[in-house]
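The structure appears right after this line, and notes come after that.
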Amino acid sequence: MKKLGVNIDHIATLRQARRGRFPDPVFAAGICEIAGCDSIVCHLREDRRHIQDRDVYALKETVRRLNLEMAVNEEIVKIALNVCPAQVTLVPEKREELTTEGGLDVSGNANRIAQVIDRFHEKGITVSLFIEPDHRQIEASKIAGADAIEIHTGKFAELFEKHEETMWYQEYERIAKSTEYAMSTGLKVHAGHGLDYRNIHPILSIPRIEELNIGYSIICKAVFVGLHSAVKEMVSLLRQAGNQPE
């Protein structure tokens, strides 16, 4: 059965637009859990554009399972070690980007990433690496000591939106083959970025992907139908896929 992690960053984005107290991402996380999601995801960025330090500490105390996305930045690493979320997902980060633009270059930063992974493992924290569907990055992730990878589905989502059927199918095959390869090395496989209620169906057909992390499309739908309904609909899609024969 595939698991759903709901990213609540954009609840905090709306709050920070007025630098106020509402809407509260911690309250939103509770609604997401009641609706059936398996984990809460948030990204503590270096520029604190949405999620704030206090949010991370409060989420740790209130949700069942917290997945903290973060850059390999010493300040953020120290916060994560203090918070002790169930999982951290290491991602690349540029201050000028609107959202994460691609996967982490694990092979080009192997020593630094391996050292950080060791520090998290000492605290019993599971580590996932957000990477492109690329065998070289998968191999580097395994060598670095990661427990899981999260495959970047952004390119697939972009091609799907443009109705480039041949090209999105090629990207889908890359994701499927990378999933199988990662599983063969002993890594768990997650996926995310740009997934919504339409383009998720091909990704759901890949049986070895254990967890999907989705935020923006759920929060957008919540504007019209409410957060509980938006999360519940996505949970239903994942559960239905889990009941299909492989």
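Details
- Packing around the peptides 1-14, 220-233, taken as the average count of other Cβ atoms within 10 Å per residue, puts them in this order, highest first: 1-14, 220-233.
- Partners of residue 155 within straight-line reach, counting aspartates and glutamates whose Cα lies under 12 Å from its Cα and excluding those fewer than 8 residues away in the same chain: 101, 132, 164, 171.
- Top of 213, 67, 199 by mean-square fluctuation, Gaussian network on the chain, Cα under 10 Å: 199
- Geometric descriptor of segment 30-69, per residue, is 61 Å³ (volume of the convex hull of the Cα atoms).
- Helical runs (DSSP H, four residues minimum) scored at -39500 (n - 2.57) apiece and divided by the length of the chain put the mean residue ellipticity at 222 nm at -15000 deg cm²/dmol.
- Between the residues 235, 56, 169, the greatest Cα displacement towards the positive end of the dipole of segment 3-241, with unit charges on the Cβ of Lys, Arg, Asp and Glu, is found for 56.
- Net lengthening on full extension, residue 143/residue 47 (0.36 nm per residue, minus Cα-Cα): 31.5 nm
- Using 0.36 nm per residue and subtracting the Cα-Cα separation, the extra length available between residue 228 and residue 185 on full extension is 11.8 nm.
- Projecting label points 7 angstrom from Cα along Cα→Cβ for residue 111 and residue 162 puts them 3.9 nm apart.
- Listed cross-link partners 2/78; 2/221; 2/123 are compared with a 28 Å cut-off, the Cα-Cα value being larger for 2/78.
- For segment 1-56, the fraction of alpha-carbon pairs in successive 5 Å shells from zero, as %: 4, 21, 31, 22, 13, 7, 2, 1
- GNM flexibility winner over the chain from 181, 216, 197 (Cα, springs under 10 Å): 197
- Relative contact order %, the chain, counting alpha carbon pairs below 8 Å whose residues are six or more apart: 21 percent
- P(r) histogram, all alpha-carbon pairs of the chain included - 10 Å bins from 0, percent: 7, 33, 39, 19, 2
- Here segment 197-246 yields Rg over Rh of 0.99, to two decimals, using C-alpha coordinates and the Kirkwood radius.
- Trypsin sites (Lys or Arg not before Pro) within segment 136-173, DSSP loop, no more than 11 other Cβ atoms inside 10 Å: 162
Values quoted throughout were computed directly from the atomic coordinates according to the rules given, and no laboratory measurement underlies them. Because the structure is a prediction, the values reported are computed rather than measured. Don't worry about glycine lacking a Cβ; one is built from the backbone with ideal geometry, like all the others, and counts go over all protein chains shown.
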